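Data block below; observations after.
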Amino acid sequence: MTDTPPLHVAVGGEHPYSITIGPGQLADGHALARHVRGRHVLLVSDSEVAPLYLAGVRAALLQARPDLLIGEHVLPAGEASKTLAEFGRAIEALAALGATRDACVLALGGGVVGDLSGFAAACWMRGVDCVQLPTTLLAMVDSSVGGKTAVDIAAGKNLVGAFHPPRAVIADTQVLSTLPVRELRAGLAEVVKYGALGDPEFFDWLQRHAQGLSAGDSALLAEAIARSCAHKAAIVARDPLEKGERALLNLGHTFGHAIETEQGYAAPGRDALNHGEAVAVGMVLAARLSTALDRAPAADADRLVALLQSLQLPVAIPAGLAPQALLERMRLDKKNVAGRLRLVLWRGIGKAEVVADVHDEAVLAVLAAG
Ligand code: NAD
Ligand code: GLY
């Protein structure tokens with residue numbers, strides 16, 4: 001543990017919980033164990049995170065609560081594991097543990113582990129506790145907060161899932177030191193999203209600190225995480241089930257998910273994008289579409305592109321993805337109503353909005369230019 005005091009963000013609403021952000025949190029057994037009500041804990045992680053951190057979390061928990069029965073379940077790392085088959089294996093692990101209704105699933109990993117573990121917790125015995133221990137920047141600023149849990153199917157991302165708020169979120173910023181730089185930058189795409197959708201001052205701050213953030217400056221990252229979590233916490237407290245404004249958190253996601261699905265959830269490579277990168281491209285497409293529909297100035301789209309590029313994020317659709325195929329993927333987005341496209345667009349930096357009935361031709365033109 002270090003002496004840096006953790007930051008706290010409270011998530012309000014019907015199921016309140018706390019987000020704790022700071023270095024050394026995973027070594028603090030009491031901080032982890034205080035969220036475990038019963039005796040059964042299933043520690044879920046992936047094949048890259050588990051060798052680094054799983055034994056430490058287990059030891060810290062047992063030091064604080066020697067009576068705990070701790071099972072472990074490790075998925076192969078990567079988006080390709082966010083499947084119904086892997087979900088089934090996590091459920092079998094809960095069964096093998098003999099987990100009772102007061103059990104706790106600890107999700108130690110990035111958004112893939114978090115989403116799948118949260119969904120397993122939502123379903124086991126119709127719902128047990130889940131504590132999110134995010135280890136990627138993306139998971140710390142977005143996926144661990146708000147209770148959206150899901151797995152992908154071939155037809156689309158996150159199409160099978162549940163709303164299941166975590167009991168707590170504990171983000172140990174020290175683990176970002178082992179995160180590959182490409183994954184760090186992917187997380188910064190979701191950070192940019194908060195500025196782009198509702199906070200021009202935060203957008204300016206990101207522009208000023210882009211170099212330090214993409215180089216992994218820990219003080220800047222801690223501030224970016226806390227400010228992002230505060231944004232997300234405020235929105236999900238007001239609209240936990242995405243009946244309204246929560247949809248704005250999907251700025252760039254309809255395009256981004258289409259790219260990810262069309263890539264077949266491939267492991268990130270020279271052309272295949274990871275989730276955060278796909279969201280970066282998606283936000284640019286949403287901004288360009290807003291300009292094409294005369295809803296927003298082109299200069300704001302240009303500023304967004306410049307910020308993403310300064311964070312070394314992609315801003316164009318990878319080669320080989322056909323516009324028509326991407327449009328077909330967008331039709332299965334969860335925001336659509338009665339088969340009509342509903343997209344999150346913007347009026348400019350800090351002013352996102354949901355727009356219904358966007359015509360296919362306009363979307364296709366942006367995808368073709370993209
Ligand atoms: P990820 O979970 O695949 O993690 C990225 C890679 O980093 C993996 O290979 C992982 O093993 C590795 N890794 C994680 N932490 C590490 C560490 N500290 N050190 C070294 N390696 C580490 O990807 P992600 O970007 O964290 O999450 C993307 C997923 O999150 C997508 O499936 C997306 O749909 C989902 N998501 C969900 C929400 C939500 O609200 N539930 C929001 C945004 C994204
Ligand atoms: N990442 C979008 C949401 O949580 O609603």
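Here are some notes:
- A count restricted to region 1-53 and to residues that are of a type in the set (A, V, I, L, M), over 21 Å from the mean Cα position of the chain (by Cα) and at pLDDT below 95 stands at 1.
- Given (1) within 27 Å of LEU26 (Cβ to Cβ); (2) within 8 Å of ligand 1 (Cβ to nearest atom); (3) not β-branched (Val, Ile, Thr), index of the condition ASP152 fails: (1)
- Some residue of region 111-131 being among the aliphatic types (A, V, I, L, M), assigned to a helix (DSSP H, G or I), surrounded by fewer than 23 Cβ atoms within 10 Å (Cβ to Cβ) and touching a Lys or Arg at 6+ places or on another chain (Cβ under 9 Å): yes
- Residue match in region 272-294 (condition: closer than 24 Å to HIS164 by Cβ and more than 11 Å from ligand 1 (Cβ to nearest atom)): no
- The C-beta contact set for region 108-119 (first residue more than 7 Å from ligand 1 (Cβ to nearest atom), second residue in a helix (DSSP H, G or I), distance under 7 angstrom, 6+ apart or interchain) comprises LEU108/TYR53; LEU108/LEU54; LEU108/VAL57; LEU116/GLU86; LEU116/PHE87; LEU116/ALA90; SER117/ALA90; PHE119/PHE87.
- Taken over region 164-180, the criterion of being assigned to a strand (DSSP E or B) and within 10 Å of ligand 1 (Cβ to nearest atom) is satisfied by ASP172 alone.
- Of the criteria (1) under 24 Å from LEU304 (Cα atoms); (2) in a loop (DSSP other than H, G, I, E, B), which one VAL366 fails: (2)
- Checking each residue in region 248-267 for being in contact with a Lys or Arg (Cβ under 7 Å, 6 or more places away or on another chain) and more than 15 Å from LYS193 (Cβ to Cβ) picks out ALA258, GLU260, THR261, GLU262.
- Looking across region 187-210 at every residue that is closer than 13 Å to SER310 by Cα and of a type in the set (A, V, I, L, M), the one that is nearest to ligand 2 (Cβ to nearest atom) is identified as ALA189.
The values are calculated or read from the model by the stated rules, or taken from the named source; none is laboratory data. Predicted model only: the values in this text are computed from it and were never measured. Here Cβ is always computed from backbone atoms with ideal geometry, including for glycine, and neighbour counts include all displayed protein chains.
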